[in-house]
Amino acid sequence: MKMKFLPTTKWAKIRLGVLFLFLFYMVLPPLYGMLQYKPKEGDMIFQSLPFGELTKVIEGVTNSPYSHVGLLVKKNNVWYVREAIGEVKDTLLYLWVLRGRGDSFAVFRLKEPYQKSIPKMMKKSEAFLGCPYDFHYGLDDEKIYCSELIFKAYKYATHKNLGKLVRLKELNWKPHEKFILSIENKIPLNREIITPQDLSEAKELYLVYSNY
């Protein structure tokens, strides 16, 4: 007996071939990366967002491939990334990885002496769910950007900084002056920022996985 679900026409076979190519190139690479990495709640996961003007500025001013970062959280035995993008929300880990440029991501974890702070840090991060994204990159609590979410969750849990706060004037801002002025009245050279790159360099963290 012939298997009726197999394609029989030329175009049906082509469509099936295209589907398999899509699965191979779009689904399997991020899945492979996730299988190599063993998640732990409180991990900080960094990625390169799809190219856009804002992404170019974030990566350009920091001379880093990291334009986004989130916090690993486990809910009902499913892994999510708590992130500030549009608003603070929890995104399925697989979808988060799939969104990144080239499916690349890097994961940093708190060193053993600092891991006792993770439960409180996760609780503090939860309080920011629903907060809108901060396109001005200030440090108030009304709006939140990605690395600020993690910085503040740790800060409010431990009363200590995670990573180095830098001022815009210390970064490579000049090539991106036009874009910065499109959202600011003037260049906020003295504004303190916690960038994804500076967060990743925190002495309390160590690299556990990267496919960059």
Among Leu181, Tyr154, Pro113, which residue has its Cα furthest toward the positive end of the charge dipole of the range 110-192, with +1 on Lys/Arg Cβ and -1 on Asp/Glu Cβ? Pro113
Any chance you could run the full-extension gain for Asn185 through Lys40? It's 0.36 nm times the residue separation minus the Cα-Cα distance, nm to one decimal. 48.0 nm
Let me check I've understood the local charge: for Lys56, count other residues with C-beta under 15 angstrom from its C-beta, Lys and Arg +1, Asp and Glu -1. What total comes out? 0
Using per-residue counts of other Cβ atoms within 10 Å, averaged over each peptide, order 160-168, 93-101, 48-56 from highest down. 93-101, 160-168, 48-56
In whole angstrom, note down how far apart the Cα centers of the range 114-145 and the range 177-207 are. 16 Å
Loop-resident GluC sites (Glu not before Pro) in the range 135-212 with no more than 16 other Cβ atoms inside 10 Å, DSSP not H/G/I/E/B, are Glu142, Glu184, Glu201
For the pair Asn172/Tyr212, report the inter-label distance in nm, with labels modelled 7 Å from Cα in the Cβ direction. 1.2 nm
Which of Lys123/Lys160; Lys89/Lys174; Lys123/Lys169; Lys40/Lys169; Lys89/Lys120; Lys120/Lys164 exceed 25 Å between C-alpha atoms? The answer is Lys89/Lys174; Lys123/Lys169; Lys40/Lys169
Taking the Cα centre as origin and putting +1 on Lys and Arg beta-carbons and -1 on Asp and Glu beta-carbons, what dipole magnitude results for the range 11-210, to the nearest 20 debye? 420 debye
For the range 11-210, just say rounded, prolate or oblate: build the C-alpha gyration tensor, square-root its eigenvalues into a ≥ b ≥ c, call rounded for a/c under 1.5, and beyond that prolate if a/b exceeds b/c, oblate if not. oblate
Taking 7 Å along the Cα-to-C-beta vector as the label spot, tell me the Thr55-Leu139 distance in nanometres, rounded to one decimal. 2.9 nm
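Throughout, read-outs are computed from the coordinates displayed, never taken from laboratory work. Just so it is clear, the model here is predicted, and its values are computed rather than measured. Quick reminder, even Gly has a Cβ in these numbers, built from the backbone with ideal geometry, and neighbours come from all protein chains shown.
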